[in-house]
1. In region 261-285, how many are surrounded by 15 or more Cβ atoms within 10 Å (Cβ to Cβ) and out of contact with any Leu (no Cβ under 8 Å at 6 or more places or on another chain)?
2. Could you tell me whether VAL166 is surrounded by fewer than 21 Cβ atoms within 10 Å (Cβ to Cβ), among the aliphatic types (A, V, I, L, M) and either out of contact with any Leu (no Cβ under 6 Å at 6 or more places or on another chain) or modelled with pLDDT of 95 or more (or both)?
3. Restricting attention to region 183-207, report how many residues are free of Cβ contacts under 8 Å to residues at least 60 places away in the same chain, farther than 23 Å from PHE138 by Cα and in a loop (DSSP other than H, G, I, E, B).
4. From LEU273, LEU196, LEU288, which residue is of a type in the set (A, V, I, L, M, F, W, C) and in contact with a Phe, Trp or Tyr (Cβ under 6 Å, 6 or more places away or on another chain)?
5. May I ask you to list the residues in region 23-40 that are farther than 27 Å from LEU132 by Cα and either surrounded by fewer than 21 Cβ atoms within 10 Å (Cβ to Cβ) or modelled with pLDDT of 85 or more (or both)?
6. Given GLY216, GLY180, which one is touching a strand residue (DSSP E or B) at 6+ places or on another chain (Cβ under 7 Å) and touching a residue at least 60 places away in the same chain (Cβ under 8 Å)?
7. Of everything in region 298-339 that's of a type in the set (D, E, K, R) and surrounded by 17 or more Cβ atoms within 10 Å (Cβ to Cβ), which residue is nearest to GLY283 (Cα to Cα)?
8. So which residues in region 246-289 are within 16 Å of the chain's Cα centre (by Cα) and closer than 17 Å to LEU181 by Cα, if there are any at all?
Amino acid sequence: MVSNLMQKLPIEVRRIILSLVPQQELLSIRKVSDDWFCTQVIDYIISANRGTVSIIFEQRSLEAFLQICDIARFTPQVHTLRICMRHILSLDERRHFDDTEGVEDDADNDRDAYGTWASEDSLLRLNEQCELMRNYAFLKCFQEALQTLTICKTIVFTDGELPRDVCSPAEDVDPSHYHGLVLNSGDSIAFVTKSLDVVLNGPNLPHLEAITFDIGQFSVKDRDGLKPTMLPSLSGLVANVRRLSLNLDHKFIDTPDLRTFVSGFPELQELRLEVADEDWMFGTLPFLSNMAIPKLRKLNLEWLACEMHELNNFLLQHQDTSSHIVLDRVFLHGTRSWDRIHQALTQRLNLQEIVMKDCGIASDEIAEA
């Protein structure tokens with residue numbers, strides 16, 4: 001009906017009307033329209049200035065992504081794919097999460113009404129997400145759609161804001177019900193782990209250069225970072241990736257899984273590590289001493305603590321390739337001085353750039369806290 005009416009309007013009027021329609025609705029019109037001009041205008045609107053596309057593992061968002069990947073003028077423009085890892089928690093887990101964030105309770109009758117509504121909504125959304133992650137055929141279509149992003153250079157996994165444009169999730173659920181990774185929830189861990197595996201073990205994007213795991217931030221209360229065990233075992237070497245950025249949870253980093261994951265990127269030249277936990281000062285990085293990155297040029301360590309020998313061994317192991325070192329809020333255990341690190345940075349390594357910001361000795365910082 002809408003398509004028939006549109007065809008009767010002057011071209012300029014149709015163009016103006018379509019420019020005012022929300023992009024999710026444009027996809028619905030495009031799906032049923034047999035008007036060539038209408039389809040061309042919709043494709044232009046959706047593709048305009050589309051350097052970055054944001055999606056979330058939710059039915060409506062991924063269905064929209066599959067549709068726009070069929071638009072010939074769209075896929076050659078996308079250089080960054082932003083994948084939101086936020087997901088629906090069960091009612092009990094959400095109440096616990098909200099309690100830790102300091103959300104004030106409503107009156108008892110309001111809480112009861114909210115709890116009934118929220119539990120029904122949560123059950124529906126949880127079931128939809130569980131079915132989505134078990135739908136092999138649909139996920140296969142998603143992986144095939146990823147392959148159409150032929151110039152995509154960067155993938156960002158984030159638990160930040162939900163997508164707000166053409167690939168936004170369904171509107172009939174409160175956005176606050178979507179939460180980031182919760183490490184005390186088996187369902188939350190399973191969801192994020194599966195999502196990472198679907199993307200990273202799909203067909204390689206030919207021009208992918210950078211992968212960023214921006215999951216968990218120390219500055220956000222109770223925001224958990226990744227456990228290295230959640231990183232997928234790569235089905236093959238990813239030779240084109242040059243830059244890798246990871247936010248890790250300090251309670252779970254004493255495992256070989258991170259070394260195994262990083263070894264899947266033989267051409268890796270830049271590594272950034274940040275620890276996401278309010279107790280990060282008490283942790284160490286035992287994997288550093290044994291992690292070999294043959295072509296590493298740039299190292300960026302932020303908001304973390306480690307043993308002096310862990311960092312020193314890593315720096316010396318990569319002294320022949322390293323050119324840029326950034327240490328931001330890095331604190332050392334097992335020493336009273338940065339002398340050995342300074343010596344390695346200034347005498348043993350041939351560096352073009354050394355940046356040290358707000359670094360110190362862990363025991364001093366802990367004593368002052």
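The values are calculated or read from the model by the stated rules, or taken from the named source; none is laboratory data. Quick caveat: nothing in here was measured; it's all calculated off a predicted structure. Because the Cβ atoms are built from the backbone with ideal geometry, glycine has one as well, and the counts that use them run over all protein chains shown.
1. Within region 261-285, the subset surrounded by 15 or more Cβ atoms within 10 Å (Cβ to Cβ) is 261-265, 268-277, 280-281, 283-285.
After this cut, where a residue has to be out of contact with any Leu (no Cβ under 8 Å at 6 or more places or on another chain) as well, the list is 263, 277, 281, 284.
Number of matching residues: 4.
2. Working: surrounded by fewer than 21 Cβ atoms within 10 Å (Cβ to Cβ): no; among the aliphatic types (A, V, I, L, M): yes; either out of contact with any Leu (no Cβ under 6 Å at 6 or more places or on another chain) or modelled with pLDDT of 95 or more (or both): yes.
No.
3. 2
4. LEU288
5. Initial filter on region 23-40 (farther than 27 Å from LEU132 by Cα): 33-40.
SER33, ASP34, ASP35, TRP36, PHE37, THR39, GLN40, listed by residue number.
6. Numbers: GLY180 fails: touching a strand residue (DSSP E or B) at 6+ places or on another chain (Cβ under 7 Å).
Exactly one of GLY216, GLY180 is touching a strand residue (DSSP E or B) at 6+ places or on another chain (Cβ under 7 Å) and touching a residue at least 60 places away in the same chain (Cβ under 8 Å), namely GLY216.
7. Kept after step one, since they are of a type in the set (D, E, K, R), are these residues of region 298-339: 298, 302, 307, 310, 320, 328-329, 336, 339.
Those still in the list that are surrounded by 17 or more Cβ atoms within 10 Å (Cβ to Cβ) too: 298, 302, 307, 310, 329.
On the way: LYS298: 23, GLU302: 13, GLU307: 9, GLU310: 12, ARG329: 13 Å.
So, considering only residues that are of a type in the set (D, E, K, R) and surrounded by 17 or more Cβ atoms within 10 Å (Cβ to Cβ), the one nearest to GLY283 (Cα to Cα) is GLU307.
8. LEU246, ASN247, LEU248, ASP249, GLU274, VAL275, ALA276, listed by residue number.
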